[in-house]
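Only one structure is covered here, and it is reproduced in the block below.
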Amino acid sequence: MAKGSLFISFQLDDEKEIERLYNLYRDQFMSWAVKTFDCERDDAVEIYQQAFVIFYENVKSGKLTSIESNCKTYLFAIGKNKFYEKIRSGNRHNPIEDVIMQSEPEYEEEKFDNSEEKLDAVEKALSKLGSPCREILMKYYYQKNSMEEIAKLMDYKNASTVKNLKYKCLQRLKKILQEERIF
Amino acid sequence: MSIEENKYDLIEDYILGKLEGSVKKDFEDLLRVDAELRSSVKEYKLMIEGTRYSGRKKLIGFLQNIEKNRSKNSRPAGTMRSLYYGIAAAIILLIAFYVVIDNSLQKSPVKLAEAYYEPYPALYGSATRGVENNLTELEQAMNLYESAQYQAAIDRFQKLDNTDQQELIIFYMANSYLGLDNFNDCEVLYRTVIDTGEIFPTQAKWYLALAYLQDKKTEQAAKLLQDLVAKNSEYSEKSSKLLKSINYQP
């Protein structure tokens, strides 16, 4: 499959497509990781999943469109960096690895400013919020769908309808968080 | 759009890095002197980050499930034969069950509608159940609807005069009447949503089709189902299956 078509289909929010793509490079990644880093298979799976999540988020946010490498190269590059991070956190710093890392394609990993405790509280509030508000907020803020795309995916009349609903859903979420004394 | 919504748009654009140039500078100047605005930015940032965090956890959970399924599919050969026999037996039973059910359902649009019916979820969920005193009238009505107290929900919806929420109120009243099997009243309200609504017309078509089937108006149901199939909505697949099941011939 050509790079472009893969990217477009990946942006369709189809779980089957995500699963297909995950499985497409999974076994190759596992073989490569176990051989290169002499790690346990469970560690390799964990790193592959982390790499896949970063890859997904970068595709969804449009940060990946300018990259010159293909999906596989990109996934493996993130995975490699993740392995180095893991090695570093185990205090086994190797300056040669830093040099290798500099030659890899750059990727951006979103870090959260808020504490995990607060983020967990928002997650709980989202589950209380229920459907369809939770889906609308998730599609807009995490999956980075446009208002038009959400309208199409969720059968709303148009983008302004979704925008209006999203605003109401956020107000509701805010109220729940106030009641939970998070704000 | 209200002043509050405009303010929210600006805050969101700032958090998402969409503000540029002088607008961004003006906003940041205002942030320095306006404690209330700073507090709002902080709140919205937490809600946006929390949603992303939740989305990430959901995706990781999905990937972990893929791994679990892979593990299940790669069981040792010794257990495979008995597993295959088990699966084969289950499939035969399922097919037999399906044939019996399908035959009986094909004869009964009413039963088909019941099988496909799931109440439409309350828009705001049951977020504040247990703290009834703090709820708005609309939230109270939604909670009654969600707990299937349809007549009480209708009574509460009827008292509401939120002019900006009219479509939502009518749609949920229609859903409540459907929950009570009051097909005449739900038809009138669903038709209003289909003809004049902006948010729920597709959903209204689906539920009205189910109401028609339960009311033995198969032809009217089929027309709505055909519309839904043609529109390529989230109801298309279900509508297509339902149309085949009722074996409708125009």
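For the subset of segment A:135-167 comprising residues that are at the interface with chain B (Cβ under 8 Å from one of its Cβ atoms) and charged (D, E, K, R), which member is farthest from B:Tyr8 (Cα to Cα)?
Looking at residues that are at the interface with chain B (Cβ under 8 Å from one of its Cβ atoms) and charged (D, E, K, R), I get A:Asp155.
Of all helices (runs of 4 or more DSSP H) completely enclosed by segment A:1-95, which ones contain at least 2 residues that are under 17 Å from the mean Cα position of the chain (by Cα), modelled with pLDDT of 85 or more and farther than 24 Å from A:Lys111 by Cα?
A:15-37
Which residue pairs have Cβ atoms closer than 9 Å, lie 6 or more positions apart in sequence or on different chains, and pair a first residue in segment A:116-127 that is over 14 Å from A:Lys174 (Cβ atoms) with a second residue that is among the hydrophobic types (A, V, I, L, M, F, W, C)?
Every condition considered, the pairs that remain are A:Leu119/A:Phe112; A:Leu119/B:Leu46; A:Lys124/A:Ile176.
Residues in segment B:47-56: is at least one of a type in the set (A, V, I, L, M) and more than 23 Å from A:Met30 (Cα to Cα)?
Looking for residues that are of a type in the set (A, V, I, L, M) and more than 23 Å from A:Met30 (Cα to Cα), one finds at least one in segment B:47-56, hence yes.
Sort out which residues of segment B:23-42 are within 35 Å of the chain's Cα centre (by Cα) and more than 14 Å from B:Leu10 (Cβ to Cβ), and write them in order of number.
Of everything in segment B:23-42, those that are within 35 Å of the chain's Cα centre (by Cα) and more than 14 Å from B:Leu10 (Cβ to Cβ) turn out to be B:Ser39, B:Lys42.
When both residues are 6+ apart or on different chains and their Cβ atoms are under 7 Å apart, which pairs have a first residue that lies in segment A:18-39 and is more than 10 Å from chain B (Cβ to nearest Cβ), and a second that is surrounded by fewer than 18 Cβ atoms within 10 Å (Cβ to Cβ) and part of a helix (DSSP H, G or I)?
Going by the 7 Å Cβ cut-off, the qualifying pairs are A:Tyr25/A:Lys72; A:Met30/A:Arg41; A:Val34/A:Arg41.
The values are calculated or read from the model by the stated rules, or taken from the named source; none is laboratory data. It should be emphasised that the depicted structure is a prediction, and the values quoted were computed from it without experimental measurement. Reconstructed Cβ throughout: ideal geometry from the backbone, glycine too, with neighbour counts over all protein chains shown.
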